[in-house]
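Asks: Have a look at the structure that comes next, please.
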Amino acid sequence: MIKIKPFVVLAAVLIALTLIIPAVLVLPFSEEHRASGKLGEDLTKSPGKEAKEVVASADPAVEVSVFRTSKSQIENVQLEDYLVGVVAAEMPAEFKEEALKAQALTARTYIVKRLLSKDTLGVPKGAQVTDTQVHQVYMNDDELRREWGMDYDTKRKKVLKAVRATAGQILAYDGEPIDALFFSTSNGYTENSEDYWSGKFPYLRSVSSPWDKNSPKFNSQKVMTVSQFEARLGVKLGSGSTIGKIVDRTKGKRVGKVDFNGKVLSGRDIRDKLNLRSSDFAWKRKGENIVITTKGFGHGVGMSQYGANGMAMEGKNYREIVKHYYQGVEIKSADQMLDTVTARK
């Protein structure tokens, strides 16, 4: 029988320990360190199923060049950070998570479509979008900290979760990204696209949206003098109580056209010139003033944000929400499209 000397055994044990101990130390943290650490997600939580799902659903590393209008500077932002900034700026973080997911889907669809088309209309050289309603409103992390104050951590995590839950997904019609238009509050119906703009899109059809009646922005009122009204619209009312004649209404039950003694204006024209919240309006003359009441807030085409939240409150998920407001669309992976964008650089 061969005897093993004690110092040989000791040496073998020491060598084994040097190999095992580092591995033991790394294991509890390896799953955690797969997370990017962006946007302040909590990396101190024990790794589990949720953490793995978040990592698996991260958007590809595409960068968006945003023109910051207040500073006249271009800010280069990772796609996921950009989407969080858009969803946070465009929809109240207090809304239900499924509504926030629907908003994340529209925001991603918009920017993917814009990046693919290389559309830079309305932006300075070197930028791809602005941070205004002309494109999509965007706020960066510092701005969100100031906006949300003590609620910053809670609200950002909620928005981040919505963005990551829809990561890589866009809305498509016939395989192509749609114009994912949205607005605040309907009058109970959305609009056909051609009733507000010239383009007719098969997925932007008028649908009912009864949930909007609970929106704080559903009703509004505006008062102006007769002379202001006439000047802004370029019309003459005379001394009677009649204020034009509505000769056409849209599919979404808004004002289509108004005839002012032979001068015909569209509901959109009137809304724009009088700075009204909606093109569903009614008015009355009271002495030298005109009192205008409106229903809804926004152009009315596409997804109603308060309608989306109302659907979510009834238990509808984000897939059901977007497929209600965008007719005939599919939810499609944008990975290959984003790879194309990345390959151009």
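The values are calculated or read from the model by the stated rules, or taken from the named source; none is laboratory data. Fair warning: this is a prediction, and the values are worked out from it, not measured in the lab. FYI the Cβ positions are ideal-geometry reconstructions off the backbone, even for glycines, and counts take in every protein chain you see.
Asks: Select, from Ala167, Ala172, the only residue that is hydrophobic (A, V, I, L, M, F, W, C), over 30 Å from Asp248 (Cβ atoms), in contact (Cβ under 8 Å) with a residue 60 or more places away in the chain and part of a loop (DSSP other than H, G, I, E, B).
Replies: On the way: Ala172 fails: part of a loop (DSSP other than H, G, I, E, B).
Being hydrophobic (A, V, I, L, M, F, W, C), over 30 Å from Asp248 (Cβ atoms), in contact (Cβ under 8 Å) with a residue 60 or more places away in the chain and part of a loop (DSSP other than H, G, I, E, B) holds for just one of Ala167, Ala172, which is Ala167.
Asks: Tell me which residues, restricted to the stretch 195-231, are assigned to a helix (DSSP H, G or I) and of a type in the set (Val, Ile, Thr).
Replies: Within the stretch 195-231, the subset assigned to a helix (DSSP H, G or I) is 195, 210-214, 226-231.
Result: Val226, single match.
Asks: Next up: Can you name the condition, by its number, that Ile292 falls short on among (1) surrounded by 12 or more Cβ atoms within 10 Å (Cβ to Cβ); (2) in contact with a helix residue (DSSP H, G or I) (Cβ under 9 Å, 6 or more places away or on another chain); (3) assigned to a loop (DSSP other than H, G, I, E, B)?
Replies: Tallying (1) surrounded by 12 or more Cβ atoms within 10 Å (Cβ to Cβ); (2) in contact with a helix residue (DSSP H, G or I) (Cβ under 9 Å, 6 or more places away or on another chain); (3) assigned to a loop (DSSP other than H, G, I, E, B), Ile292 fails exactly one: (3).
Asks: For the stretch 160-203, give me the residue count where each residue is surrounded by 24 or more Cβ atoms within 10 Å (Cβ to Cβ), more than 27 Å from Ser279 (Cβ to Cβ) and not polar (S, T, N, Q).
Replies: 3
Asks: Can you tell me how many residues in the stretch 108-129 are under 22 Å from Ala167 (Cα atoms) and either touching a residue at least 60 places away in the same chain (Cβ under 8 Å) or surrounded by fewer than 18 Cβ atoms within 10 Å (Cβ to Cβ) (or both)?
Replies: 11
Asks: So which residues in the stretch 78-107 are more than 9 Å from the chain's Cα centre (by Cα) and over 16 Å from Arg164 (Cα atoms), if there are any at all?
Replies: Residues satisfying the conditions are Pro92, Glu94, Phe95.
Asks: Another question about this same structure. Looking only at the stretch 175-184, count every residue that is in contact with a helix residue (DSSP H, G or I) (Cβ under 9 Å, 6 or more places away or on another chain) and in a loop (DSSP other than H, G, I, E, B) and tell me the total. Break it down stepwise before answering.
Replies: Step one: list which residues in the stretch 175-184 are in contact with a helix residue (DSSP H, G or I) (Cβ under 9 Å, 6 or more places away or on another chain), which gives 176-184.
So of that shortlist, the ones also in a loop (DSSP other than H, G, I, E, B) come out as 178-181, 184.
The total comes to 5.
Asks: To continue, here is another question. Cβ-Cβ below 7 Å, separation at least six or inter-chain, first residue in the stretch 272-289 and under 17 Å from Thr185 (Cβ atoms), second of a type in the set (A, V, I, L, M, F, W, C) and in a strand (DSSP E or B): which pairs?
Replies: Filtered contacts from the stretch 272-289: Leu276/Ile292; Arg277/Phe297; Ser278/Phe297; Ser279/Val255; Asp280/Val255; Phe281/Val255; Phe281/Ile292.
Asks: Let me ask something additional. Pick out the one residue from Ala180, Ala172, Ala165 that is closer than 19 Å to His324 by Cβ and under 13 Å from the mean Cα position of the chain (by Cα). Before you say what the answer is, go through the steps one by one.
Replies: Numbers: Ala172 fails: under 13 Å from the mean Cα position of the chain (by Cα); Ala165 fails: under 13 Å from the mean Cα position of the chain (by Cα).
From the options Ala180, Ala172, Ala165, the qualifying one is Ala180.
Asks: Would you confirm whether any residue within the stretch 145-156 is surrounded by 18 or more Cβ atoms within 10 Å (Cβ to Cβ) and aliphatic (A, V, I, L, M)?
Replies: Scanning the stretch 145-156 turns up no residue that is surrounded by 18 or more Cβ atoms within 10 Å (Cβ to Cβ) and aliphatic (A, V, I, L, M).
Asks: Testing Gly244 on (1) of a type outside the set (Phe, Trp, Tyr); (2) surrounded by 14 or more Cβ atoms within 10 Å (Cβ to Cβ); (3) in contact with a helix residue (DSSP H, G or I) (Cβ under 8 Å, 6 or more places away or on another chain), one condition comes back false. Which one is that?
Replies: For Gly244, the failing item is (3).
Asks: Something else now. Kindly indicate whether any position in the stretch 187-195 is assigned by TED's automatic domain parsing to the domain that holds Leu116, under 20 Å from the mean Cα position of the chain (by Cα), at pLDDT 95 or above and small (Gly, Ala, Ser).
Replies: Pass one, the stretch 187-195, residues assigned by TED's automatic domain parsing to the domain that holds Leu116: none.
No, that holds for no residue.
Asks: Condition check: charged (D, E, K, R) and in contact with a Ser or Thr (Cβ under 7 Å, 6 or more places away or on another chain). Does Asp179 satisfy that? Lay out the reasoning, then the answer.
Replies: Details: charged (D, E, K, R): yes; in contact with a Ser or Thr (Cβ under 7 Å, 6 or more places away or on another chain): no.
Taking the combined requirement at face value, the residue does not satisfy it.
Asks: Inside the stretch 135-144, can you point out the residues that are surrounded by 18 or more Cβ atoms within 10 Å (Cβ to Cβ) and either among the charged types (D, E, K, R) or part of a helix (DSSP H, G or I) (or both)? Quick ask: steps written out before the conclusion?
Replies: The first filter runs over the stretch 135-144 and keeps only residues surrounded by 18 or more Cβ atoms within 10 Å (Cβ to Cβ), leaving 135-136, 138-140, 144.
Matches in the stretch 135-144: Leu144 only.
Asks: Just a yes or no: is a residue in the stretch 261-274 within 13 Å of Gln221 (Cβ to Cβ) and touching a strand residue (DSSP E or B) at 6+ places or on another chain (Cβ under 8 Å)?
Replies: Within the stretch 261-274, the subset within 13 Å of Gln221 (Cβ to Cβ) is 274.
Next cut, touching a strand residue (DSSP E or B) at 6+ places or on another chain (Cβ under 8 Å) only: 274.
Checked the stretch 261-274: at least one residue is within 13 Å of Gln221 (Cβ to Cβ) and touching a strand residue (DSSP E or B) at 6+ places or on another chain (Cβ under 8 Å).
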